[in-house]
Amino acid sequence: MVMASSVKVVLGSIAFAAFWVLAVFPAVPVMPIGRTAGSLLGAMLMVIFRVITPDEAYAAIDLPILGLLFGTMVVSVYLEKADMFQYLGKLLSWKSRGARDLLCRICIISAISSALFTNDTSCVVLTEFVLKIARQHNLPPHPFLLALASSANIGSAATPIGNPQNLIIAVQSKISFGRFLFGLLPAMLVGLFVNALILLCMYWKLLSIQKDEEDATSEVVAEQDVNSHRFSPATMSHLSSLNSQEWNSRLESMNTQGSPIMNVNTPAQTETLRSRLALNEGEIHRVLSGTLDSARNSNVSKEAITDSSSQKKNENALSQRVLSMTYSQGKETLAARWKRMLWKSCVYLITIGMLVSLLIGLNMSWTAITAALALVVLDFRDARPCLEKVSYSLLIFFCGMFITVEGFNKTGIPSSLWDLMEPYSKIDHASGTAVLAAVILVLSNVASNVPTVLLLGGRVAASAAAISAAEEKKSWLILAWVSTVAGNLSLLGSAANLIVCEQAHRTPHLGYTLSFWTHLVFGVPSTVIVTAIGLILIR
């Protein structure tokens, strides 16, 4: 492509530089407006500077990519609602055999979940689980946080839905989901193993610390008690039995208090009167008055017995009502539990159906959107709370980035730079593949991986297509692998790294700061070795 006029080159470079600075450093003191606003600013400047026209800007927005991204995010929201990630978190500590076993589990679960549900989603959900488990085992968190972030990046390279740059590659290259998966799966599996091995070697001594069994067990039990406690029918019936016992004790006390009155012996008093006929009239009157008082008391005792029996009947009726209510509540709880299990099973089946549809080659964006809408209908309630969890800021970021990158391409700078590198980047030679990988690696860490894919994708594929169709496919897979694994080089290399760092720092009572240098010491050797191994295995 021929270079544009010098005015367009300068203005387009300024617009792209503004986008790049805000994308890499979203909190820059001069203009701390964030990545999303930065991408919109770059897009607006491209149009205002007349580097591209408004119609060209709208045409630059890739709707299939946005549709696929939106669909996968909605599916991830409903999977989280169906406790999928909670189950993954429990797998981390289930029958754990020590720190090294835990680190390997984190690597495997992070890679698998990232390949199926995107690396950003996995990192957002699993970071807090990893911090909790590290604390329960009295272990330093940073080896496990590095395992989570690096394995998420490596695992996400295997599928078109694993990360945003793979979405772009899959749509632009028209490579099917199955061919993409089987082309990168061997590299992902071996790279994951090597990455875990590097972590074990670097942190072998730290991982040798024995966990405090008693403390860990107590924390796990306490957490399970809080999460699993429910008002069950057994608990309610136990409370009703206590109430009935209390009422019985009260009734017994009432009967005990009334027993002396009940045992008044009226015939004995009459016999006393007969034996005392010789007494004076005043004494007779006193005895008769005592008899009348005792009679009155006996009537009162009969009324007390009647009242106590009626009260006992009321209490029995009350206890029966409580038991019937408890039984009905138990039936409702059981029905709700089965309904919840059925709904979760349907969510998992729809997700599996989406993955199968992608594997057999159906349109990826419409398949993801169809699965998302099926989950919305299946939920049978207002979808607004779930749809609000979708990262619309990310979708807007992509729109602005598409326009900004298209404008930068119009300046002719990327084409001129590629013309200089193309003779040395032929992928039919090992040296050419190494040069191409180095260019992608550097650009992915300088300009971020998604813009790198947008800038280089078409040119790398066109160069490889001149060799053969198979080499064209391989060039897309190399671009997907290197641009994704390049995110492990530094803390700023990928959004997944930043998410893990930010989530770990903000987690209540478990906050931990993963430093730039701690990540770099591990990231450089891991990225170089894993990238090289993947280049050998990609076919």
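A Cβ distance below 6 Å, combined with a sequence gap of six or more or placement on separate chains, defines the contacts here; from the range 492-504, residues that are under 19 Å from Lys132 (Cα atoms) reach residues that are open to solvent by 50 Å² or more (accessible area, probe 1.4 Å) and outside any helix (DSSP H, G or I) in the pairs Ala504/Tyr512. Answer yes if at least one residue in the range 195-203 is within 26 Å of the chain's Cα centre (by Cα) and among the β-branched types (Val, Ile, Thr), and no otherwise. Looking through the range 195-203, none of the residues is within 26 Å of the chain's Cα centre (by Cα) and among the β-branched types (Val, Ile, Thr).
Does the range 451-468 contain at least one residue that is within 27 Å of the chain's Cα centre (by Cα) and touching a residue at least 12 places away in the same chain (Cβ under 8 Å)? Before the answer, list the steps.
Within the range 451-468, the subset within 27 Å of the chain's Cα centre (by Cα) is 451.
Next cut, touching a residue at least 12 places away in the same chain (Cβ under 8 Å) only: 451.
Within the range 451-468 (the criterion being within 27 Å of the chain's Cα centre (by Cα) and touching a residue at least 12 places away in the same chain (Cβ under 8 Å)), the answer is yes, since at least one residue qualifies.
Summed over the range 363-411, the residues that are more than 30 Å from Lys344 (Cβ to Cβ) and among the polar types (S, T, N, Q) give a count of 3.
Taken together, the residues in the range 509-535 that are open to solvent by 40 Å² or more (accessible area, probe 1.4 Å) and in contact with a His (Cβ under 9 Å, 6 or more places away or on another chain) amount to 5.
Does the range 5-18 contain any residue that is within 24 Å of Val171 (Cα to Cα), touching a residue at least 40 places away in the same chain (Cβ under 8 Å) and small (Gly, Ala, Ser)? No, the range 5-18 has no match at all.
Filtered by the rule that a residue be in a helix (DSSP H, G or I) and surrounded by 23 or more Cβ atoms within 10 Å (Cβ to Cβ), the range 421-449 gives Leu436, Ala437, Ile440, Ser444, Asn449. Is the range 479-496 home to any residue that is surrounded by fewer than 18 Cβ atoms within 10 Å (Cβ to Cβ) and part of a helix (DSSP H, G or I)? Among the residues of the range 479-496, not one is surrounded by fewer than 18 Cβ atoms within 10 Å (Cβ to Cβ) and part of a helix (DSSP H, G or I), which makes the answer no. Restricting Met188, Met202 to those that are in contact with a helix residue (DSSP H, G or I) (Cβ under 7 Å, 6 or more places away or on another chain) and surrounded by fewer than 24 Cβ atoms within 10 Å (Cβ to Cβ) reduces the list to Met202.
The values are calculated or read from the model by the stated rules, or taken from the named source; none is laboratory data. All values derive from a computational prediction rather than experimental measurement. For neighbour counting, all protein chains shown are included, and Cβ atoms are generated from backbone atoms with ideal geometry for every residue, glycine included. The area values use the complete protein model at the heavy-atom level, side chains included, leaving out ligands, DNA and RNA. Shrake-Rupley method; radii C 1.70, N 1.55, O 1.52, S 1.80 Å.
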